[in-house]
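Structure, as structure tokens:
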Amino acid sequence: MRALVQRVLHSDVVVDGKTVAAIGHGMLVLLGVQKGDCQGDAEYLAQKVANLRIFEDENQKMNLSVCDIKGELLVVSQFTLAGDTTRGNRPGFETAEKPEIANQLYEHFVSCLRQKNIPTQTGIFQADMKVSLLNDGPVTFLLEKNSCEVSHGK
């Protein structure tokens, strides 16, 4: 599972010309689910996102989490994060999880964040979304976790 986390001043998702989600100061999280990912991976990454100290304190040091600043999250499913670009110039998506399983893990990830009382909005799974953001910094991190795949010996 991969989460591309961006610190934003604001972000929104538009589907069919209508805004379906919008946040102010916080993080845009693009989530890619890969074959072999499990609920434990979603829980780990949700914990990591909630506690990731990428917001500046009074000394301009990245020392505060989204919880500390009372920020918001926008989580968008993005299967292209599971893409493989190692062969040729056209990405392959053999490592992306099937949509039904990916959606369950995506929803579990979002649920874990909401349980932490972080205001969390989402895009629409498998929709053609237009995502806009004002990246703050820019600050962007790629988080990965695939312990379930490793623990199952795949």
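From the list Gln104, Gln115, Gln60, exactly one residue is under 18 Å from the mean Cα position of the chain (by Cα), farther than 20 Å from Cys148 by Cα and without any contact (Cβ under 8 Å) to a residue 12 or more places away in the chain. Which is it? Give the steps one after another, and end with the answer.
Working: Gln104 fails: farther than 20 Å from Cys148 by Cα; Gln60 fails: under 18 Å from the mean Cα position of the chain (by Cα).
So the residue among Gln104, Gln115, Gln60 that is under 18 Å from the mean Cα position of the chain (by Cα), farther than 20 Å from Cys148 by Cα and without any contact (Cβ under 8 Å) to a residue 12 or more places away in the chain is Gln115.
Condition (residue is among the acidic types (Asp, Glu), under 26 Å from Phe125 (Cα atoms) and touching a strand residue (DSSP E or B) at 6+ places or on another chain (Cβ under 9 Å)) applied to the range 67-83: is it met by at least one residue? For the range 67-83, residues among the acidic types (Asp, Glu), under 26 Å from Phe125 (Cα atoms) and touching a strand residue (DSSP E or B) at 6+ places or on another chain (Cβ under 9 Å): present. Note on the range 11-30: residues that are under 16 Å from the mean Cα position of the chain (by Cα) and either of a type in the set (Val, Ile, Thr) or part of a strand (DSSP E or B) (or both) amount to 11.
Residues checked against (1) under 18 Å from Met1 (Cβ atoms); (2) in contact with an Asp or Glu (Cβ under 7 Å, 6 or more places away or on another chain); (3) crowded, with 19+ Cβ neighbours inside 10 Å; (4) not hydroxyl-bearing (Ser, Thr, Tyr):
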position	(1), (2), (3), (4)
Gly40	yes, no, no, yes
Glu72	no, no, yes, yes
Val75	yes, no, yes, yes
Arg87	no, no, no, yes
Glu100	yes, no, no, yes
Phe109	yes, no, yes, yes
Cys112	yes, yes, yes, yes
Val139	no, no, no, yes
Leu142	yes, no, no, yes
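Looking at the range 68-91, which of its residues are farther than 23 Å from Val131 by Cβ and not basic (Lys, Arg)? Listed by number, the residues that qualify are Asp68, Thr86, Gly88, Asn89. Taking into account only those residues within the range 53-95 that are small (Gly, Ala, Ser) and not in a loop (DSSP other than H, G, I, E, B), which is modelled with the highest pLDDT? Applying the filter and picking the extreme gives Ser77.
The values are calculated or read from the model by the stated rules, or taken from the named source; none is laboratory data. Everything numeric in this text was worked out from a predicted model, so none of it was measured. No Cβ is skipped: glycine too gets one built from the backbone with ideal geometry, and neighbour counts run over all protein chains shown.
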